[in-house]
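Worksheet: the structure to be examined is printed underneath.
The values are calculated or read from the model by the stated rules, or taken from the named source; none is laboratory data. Nothing here was measured: the structure is a model prediction, and the numbers come from that model. With ideal geometry, Cβ positions are generated from the backbone for all residues, glycine too; neighbour counts draw on all protein chains shown.
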């Protein structure tokens, strides 16, 4: 039986989420939502964009920031603390190690084509979701 593209995307998302959870397990202050928040906010994304990615309200995303502050990852101004930087650096190394093996033997042109296709699907899905 051939699975549809949405089925493959869904099961891939679940598998990657489980892999991310496993890679972040040694870092109790950094769950999946905190990971996404930190990476997006440090790249300059506004709260609304982070909320859209997490499929949460802006208020909920603000609570993630507060939790990161309370756990010493961010300071009161929302800037990464020294301890937070150390944890994020170690977590990024863990995630990189875990994910590097996934595409190591896949041809670069196949990866590029897949990335383009998934980005287009993502853009269309977000546009459709926000259209009402």
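Annotations for the structure displayed:
- Any hit, the range 115-128, residues being in contact (Cβ under 8 Å) with a residue 12 or more places away in the chain, under 23 Å from residue 19 (Cβ atoms) and in a loop (DSSP other than H, G, I, E, B): no
- Residue match in the range 103-110 (condition: within 20 Å of residue 14 (Cα to Cα) and in contact (Cβ under 8 Å) with a residue 12 or more places away in the chain): no
- Residue list for the range 63-73, restricted to those being loosely packed, with under 14 Cβ neighbours inside 10 Å and touching a helix residue (DSSP H, G or I) at 6+ places or on another chain (Cβ under 8 Å): 72
- Residues of the range 38-53 satisfying the condition of being under 22 Å from residue 85 (Cα atoms) and free of Cβ contacts under 8 Å to residues at least 24 places away in the same chain: 39, 40, 43, 44, 45, 46, 47, 50
Let's see how each residue does on (1) at pLDDT 95 or above; (2) under 24 Å from residue 122 (Cα atoms):
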| site | (1), (2) |
| --- | --- |
| 36 | yes, yes |
| 47 | no, yes |
| 63 | yes, no |
| 68 | yes, no |
| 72 | yes, no |
| 75 | yes, no |
| 81 | yes, no |
| 86 | yes, no |
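The rows are residues; the columns are (1) farther than 27 Å from residue 130 by Cβ; (2) in contact with a strand residue (DSSP E or B) (Cβ under 9 Å, 6 or more places away or on another chain); (3) in a helix (DSSP H, G or I).
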| position | (1), (2), (3) |
| --- | --- |
| 27 | yes, no, no |
| 33 | no, no, yes |
| 72 | yes, no, no |
| 77 | yes, no, no |
| 90 | yes, no, yes |
| 93 | yes, no, yes |
